[in-house]
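Asker: Below you will find the structure I want to go over with you.
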Amino acid sequence: MPTQKTLKKTKEILNILKKSSTSEEKLCEIFSKDRRTIARYIKILKDDGINIRLENGIYKITGFEKDENSVIYEVIKNLSQNQGVEFFNKSKNLFDDFDKGYKNAFFIHAKDEVLNSDDLALFENLAKAIENKKMINFLYENFEFKVKPLKVAKFEGYWYLLCLDADKNDKFKKFHVKTIKNLSVSNESFKTSKEIETKLKNANSIWFDIDEESFVVELLVHNLVLKFIERIPLKTQKMISQKNDFTTIYLEISNEYEIVPFILRFIPFIRVISPNELNEKIKNLLSEYLKSI
């Protein structure tokens with residue numbers, strides 16, 4: 001069984017090879033190891049399904065493009081290595097069983113953005129910064145940001161970094177993860193409150209904002225579509241009463257667009273009872289659409 005030290009070195013080698021092909025000699029120099037030891041590290045990576053080839057003394061990874069689920073799967077596997085040898089060896093058996101027996105058992109049809117192997121390091125660095133509560137710096141559309149990372153979240157198939165802008169009095173912001181460039185983790189620590197954690201857990205979509213005061217929405221839903229809402233309930237959703245063919249639902253949101261797409265999806269089987277401003281918003285959207293056709 002590989003030791004924690006060995007697992008760490010194999011992970012470092014993987015990160016090096018993901019960036020560019022590297023000579024056997026250079027790896028020996030970086031890790032102060034002989035060729036046999038480097039070959040042993042490479043074998044561990046190969047056993048985990050990484051396709052690494054040695055050609056003319058150069059190690060390189062081939063066919064390493066992965067879909068989103070594979071990238072997240074690799075993130076979980078790699079993070080498990082940081083929990084100690086005993087934990088990793090136990091979890092590795094589970095991963096091996098999944099690799100061997102269940103990869104072809106599931107079909108996931110999701111409209112998600114495509115991620116590749118280059119995103120894996122970014123996800124890992126963000127996860128570590130969040131867990132360790134360390135500030136990060138990065139470029140986003142040619143602008144520099146210094147933030148307190150809170151969560152990495154997926155909404156409507158896209159991955160976002162949820163954070164507090166340290167240069168804007170901790171204003172809550174959301175950044176598309178794949179657009180983040182030149183990420184660096186600082187040694188500066190930060191703290192968060194339980195209130196922020198609770199608000200993050202209640203997010204229904206990317207439109208939510210923890211800086212805004214939440215308000216209650218009351219909806220009247222026809223029972224024909226109620227089962228779909230029950231299968232994937234909205235955060236803070238409460239079903240209060242049933243009358244005839246309709247059910248009344250209450251929920252808290254911080255931005256009307258957290259719920260607008262949901263309402264439009266189920267029209268004419270859903271109606272806004274309150275607030276009236278939201279009802280008028282839906283009416284205006286439908287009116288503008290009808291005028292355009």
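Asker: Any chance you could run the full-extension gain for SER186 through LYS283? It's 0.36 nm times the residue separation minus the Cα-Cα distance, nm to one decimal.
Answerer: Between SER186 and LYS283, full extension yields 30.1 nm more.
Asker: Continuing with the same structure: How about LYS26: which aspartates and glutamates have a C-alpha closer than 20 Å to its C-alpha, ignoring those fewer than 8 places off in the same chain?
Answerer: Cross-link targets: GLU12, ASP34, GLU55.
Asker: Could you list, in their original order, any pairs among LYS191/LYS235; LYS154/LYS199; LYS151/LYS173; LYS111/LYS283 whose Cα atoms are separated by more than 23 Å?
Answerer: Checking Cα-Cα distances, LYS191/LYS235; LYS111/LYS283 exceed 23 Å.
Asker: Contour minus end-to-end for ILE30 and ASN276, with contour as 0.36 nm per residue of separation and end-to-end as the Cα-Cα distance?
Answerer: Net length gain for the segment: 82.0 nm.
Asker: Which value in nm describes the separation of the simple spin-label points at ASN137 and ASP112, placed 7 Å from the Cα toward the beta carbon?
Answerer: 3.2 nm
Asker: Turning to a different aspect of this structure: Between ASN51 and LYS227, what is the label-point separation in nm under the 7 Å Cα-to-beta-carbon projection?
Answerer: According to this spin-label approximation, the distance is 4.3 nm.
Asker: Separate question: Given N residues in segment 215-292, what is its alpha carbon radius of gyration divided by 2.2 N^0.38 Å?
Answerer: Normalised Rg, Cα atoms only: 1.07.
A short reminder: the numbers here are calculations on the coordinates, not readings from a lab. Note that this is a predicted model, so its numbers are computed, not measured. Cβ coordinates were reconstructed from backbone atoms using ideal geometry, including for glycine residues, and neighbour counts include every protein chain displayed.
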